[in-house]
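Where a number appears in this text, it was derived from the coordinates with a stated rule and is not lab data. Model, not experiment: these values are computed from the prediction. Positions of Cβ are generated from backbone atoms using ideal geometry, with glycine treated the same way; all protein chains shown enter the neighbour counts.
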Amino acid sequence: MPHTGSCLCGQTKITITSTLKDQVLCHCVDCRKASGSAFGSGGLTKRDGVKIEGPVKTFTLSIGPGRECTRTFCTNCGSQISQAPSAFPDMMSVKTGILDDFVKLPIGAEVFVKDRCTALKALDGVAQFNMLPGK
């Protein structure tokens, strides 16, 4: 099933035709700062199945030795659209809050729970990881 969405101002639109995995809530410092909230939420999908149209800009930051993450956002309203870690060259994480049907997407995991806000509790039945799985 394709997923569609847009930024806050509606100028940047996204269409996902590849499989979108469960949502992942990330509590790392970078996601908190980028979202301006207690965590970021994203869904992993293949880059070649994502079409982004509208005014966007990218920002790339180092996330460890030899690793980078490129974040894409709308240049008009600043809404985050996606992020693409260099460790997964064929994949990207789409910010699920911009999707029209995000409330129907299950949450499959929480990552960097060691950095989670103490006011937030673990979600029942959701996998919990102190780092990224496999790291």
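Pairs exceeding 19 Å between alpha-carbon atoms, taken from LYS21/LYS114; LYS21/LYS104; LYS46/LYS114; LYS21/LYS57; LYS51/LYS104: LYS21/LYS114; LYS46/LYS114; LYS21/LYS57; LYS51/LYS104. Stretched out fully, how many nm does the piece from MET91 to THR60 gain, at 0.36 nm a residue minus the Cα gap? So the chain would gain 9.6 nm between MET91 and THR60. A full extension of the chain between GLN11 and ILE107 corresponds to an added length of 31.8 nm, given 0.36 nm per residue minus the alpha carbon distance. Working from label points 7 Å from Cα in the Cα-to-Cβ sense, the ALA119 to ASP30 distance is 2.6 nm. Computed from the C-beta positions of MET131 and GLU53 and an R0 of 30 Å, the FRET efficiency is 0.30 to the nearest 0.05. Which one of LEU105, PRO89, ILE63 is farthest out on the positive end of the charge dipole of segment 51-109, using unit charges on Cβ (Lys, Arg +1; Asp, Glu -1) and the Cα centre as origin? Towards the positive end, the residue furthest out is ILE63. Dividing the convex hull volume of the alpha carbon atoms of the chain by its residue count gives 111 Å³ per residue.
Over segment 1-65, the ratio between the Cα radius of gyration and 2.2 N^0.38 Å evaluates to 1.23.
Only helices enter the 222 nm calculation for the chain: every DSSP H run of n ≥ 4 contributes -39,500 (n - 2.57), and dividing by all residues gives -1500 deg cm²/dmol, rounded to 500. Local charge for THR15 was computed over the other residues whose Cβ lies under 12 Å away, with Lys and Arg +1 and Asp and Glu -1, and equals 0.
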